[in-house]
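Written out below as structure tokens is the structure these notes cover.
The values are calculated or read from the model by the stated rules, or taken from the named source; none is laboratory data. This is a predicted model, so every value here is computed, not measured. Quick reminder, even Gly has a Cβ in these numbers, built from the backbone with ideal geometry, and neighbours come from all protein chains shown. Note: areas computed on protein heavy atoms with side chains; ligands, DNA, RNA excluded. Shrake-Rupley method; radii C 1.70, N 1.55, O 1.52, S 1.80 Å.
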Amino acid sequence: MNVVVLVKSIPDPNGDVELGDDYLVDRGGEGTLDPGDEYAVEAALQLADATGGEVTVVSMGPPGAIAAIRRAL
């Protein structure tokens with residue numbers, strides 16, 4: 001079974017959140033994997049391991065979102 005996991009890059013929860021001129025969170029820097037997504041990645045790995053499949057991680061966001069994908073891998 002091939003499993004696709006959607007993950008989200010969020011600003012570092014231990015860092016300071018900065019707002020941009022539009023009063024939205026500035027996501028220009030390095031992000032991190034949403035902690036809740038780690039459970040989904042683990043469940044997908046267990047399913048793929050039990051069935052001989054593979055896991056694909058998908059995310060969308062600014063260029064810093066690559067850090068979340070690396071963490072998931």
Selection from 10, 53, 73, by position along the positive dipole direction of the chain (Cβ): 53
With equal scatterers on the alpha carbons only and no solvent term, can you work out the Debye log10 of I(q)/I(0) for the chain at 0.27 1/Å? -1.16
How high is the relative contact order of the chain, in percent, counting Cα pairs under 8 Å that sit 6 or more residues apart? 48
Working only with C-alpha atoms, what are the Rg and Dmax values of the stretch 21-62, expressed in angstrom? 15.0, 49
Work out from phi, with θ = phi - 60° and the Karplus expression 6.51 cos²θ - 1.76 cosθ + 1.60, the ³J(HN,Hα) of each residue of the stretch 48-63, listed in order in whole Hz, and give x for Gly and Pro. 5, 5, 6, 10, x, x, 9, 10, 10, 9, 10, 8, 9, x, x, x
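Give me the accessible area per residue for the chain, probe 1.4 Å, as a whole number in Å².
Value for the chain: 73 Å² per residue.
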